[in-house]
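Below: one structure, written as structure tokens.
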């Protein structure tokens, strides 16, 4: 007797009630999945933690102009989860005076990297706390400038180090001056080979407000809307590690970029 035939006879001997119960459960699976916002076998929804993979959740973005006469920018209040990494990209039209100060009464923010071109500057900050927090973030520039920012939360990242230091495996920053490319309709940043398994790539860009119709790199998704005053900021995310992070747009523009590899917990 073949193995297939033997298995068929064993299944046939199973109690009818058990077989019926199994079929009923199978029939309920699509309904159960639908109730939780998906379908049986469908890919994970963006921003939802699944299978331990790193996930991104946009928090807020905004901007102020010189004409506002504001000494500091205050973001909309945001909720940042316990043990989750928060990254803030801050772009300045004039950053010659140094990096802005980012403060929050409930958590610490530390500079990861900063790149400055002719006068424009892009700075990346990180934060991670043991407790969930809710509140606004204050961004104070060192001199009068237009400010633009975008904040994103990342889950399932390494919680080692201080204020999220263990979540960042590597980073790279460059700009249109340092790269020697000049003003173009694209920006690129290249990381070294992956430092950790299961890692993800995040990148933030600053471009001129005349740069139109931005498009993320292959396999990347924008995390939040583009925010502009005189200078624009846009962040993107790819759940699987990629050495190359890029952005394209129409109309030649200056550009600055900071990219990082995020380490999974």
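The conditions are (1) buried (at least 17 other Cβ atoms within 10 Å of the Cβ); (2) out of contact with any helix residue (DSSP H, G or I) (no Cβ under 6 Å at 6 or more places or on another chain); (3) closer than 30 Å to residue 251 by Cα, and residue 104 fails exactly one of them. Which is it?
Failed condition: (3).
Any idea which of (1) in a strand (DSSP E or B); (2) touching a residue at least 40 places away in the same chain (Cβ under 8 Å); (3) over 12 Å from the mean Cα position of the chain (by Cα) is the one residue 241 doesn't satisfy?
The single condition residue 241 does not satisfy is (1).
Only one residue in 189, 197 is out of contact with any helix residue (DSSP H, G or I) (no Cβ under 7 Å at 6 or more places or on another chain) and exposed (fewer than 14 other Cβ atoms within 10 Å of the Cβ), so which one is that?
Only one candidate qualifies: 197.
Residues 71, 33, 67: which one is touching a strand residue (DSSP E or B) at 6+ places or on another chain (Cβ under 9 Å), farther than 21 Å from residue 203 by Cα and either part of a strand (DSSP E or B) or modelled with pLDDT under 95 (or both)?
71
Check residue 159 against each of (1) more than 17 Å from residue 75 (Cβ to Cβ); (2) modelled with pLDDT of 95 or more; (3) touching a strand residue (DSSP E or B) at 6+ places or on another chain (Cβ under 8 Å) and name the one condition it does not meet.
Against the list (1) more than 17 Å from residue 75 (Cβ to Cβ); (2) modelled with pLDDT of 95 or more; (3) touching a strand residue (DSSP E or B) at 6+ places or on another chain (Cβ under 8 Å), residue 159 comes up short only on (3).
Inspect all residues belonging to the stretch 179-187 and state whether any of them is touching a residue at least 60 places away in the same chain (Cβ under 8 Å), touching a strand residue (DSSP E or B) at 6+ places or on another chain (Cβ under 7 Å), assigned to a loop (DSSP other than H, G, I, E, B) and within 12 Å of residue 254 (Cα to Cα).
Let us first name the residues in the stretch 179-187 that are touching a residue at least 60 places away in the same chain (Cβ under 8 Å), namely 183-187.
Okay, now just the ones that are also touching a strand residue (DSSP E or B) at 6+ places or on another chain (Cβ under 7 Å), so 183-187.
Narrowing the set further to residues that are assigned to a loop (DSSP other than H, G, I, E, B) leaves 183.
Filter once more, keeping what is within 12 Å of residue 254 (Cα to Cα): 183.
The answer is yes; a qualifying residue exists.
Go through (1) under 14 Å from residue 259 (Cα atoms); (2) in contact with a helix residue (DSSP H, G or I) (Cβ under 8 Å, 6 or more places away or on another chain); (3) free of Cβ contacts under 8 Å to residues at least 40 places away in the same chain for residue 111 and report which single condition fails.
With (1) under 14 Å from residue 259 (Cα atoms); (2) in contact with a helix residue (DSSP H, G or I) (Cβ under 8 Å, 6 or more places away or on another chain); (3) free of Cβ contacts under 8 Å to residues at least 40 places away in the same chain applied to residue 111, the lone miss is (2).
Would you be able to say whether some residue in the stretch 214-223 is more than 14 Å from the chain's Cα centre (by Cα), part of a loop (DSSP other than H, G, I, E, B) and within 20 Å of residue 172 (Cβ to Cβ)?
For the stretch 214-223, residues more than 14 Å from the chain's Cα centre (by Cα), part of a loop (DSSP other than H, G, I, E, B) and within 20 Å of residue 172 (Cβ to Cβ): present.
Inspect the stretch 126-139 for any residue being in contact with a helix residue (DSSP H, G or I) (Cβ under 8 Å, 6 or more places away or on another chain), over 29 Å from residue 71 (Cα atoms) and not in a loop (DSSP other than H, G, I, E, B) and give the result as yes or no.
Scanning the stretch 126-139, I find no residue that is in contact with a helix residue (DSSP H, G or I) (Cβ under 8 Å, 6 or more places away or on another chain), over 29 Å from residue 71 (Cα atoms) and not in a loop (DSSP other than H, G, I, E, B), so the answer is no.
Give the residues of the stretch 195-207 that are more than 17 Å from the chain's Cα centre (by Cα) and over 29 Å from residue 93 (Cα atoms), sorted by residue number.
Correct list: 195, 196, 197.
The values are calculated or read from the model by the stated rules, or taken from the named source; none is laboratory data. This is a predicted model, so every value here is computed, not measured. Neighbour counts run over all protein chains shown; Cβ positions are idealised from the backbone, glycine included.
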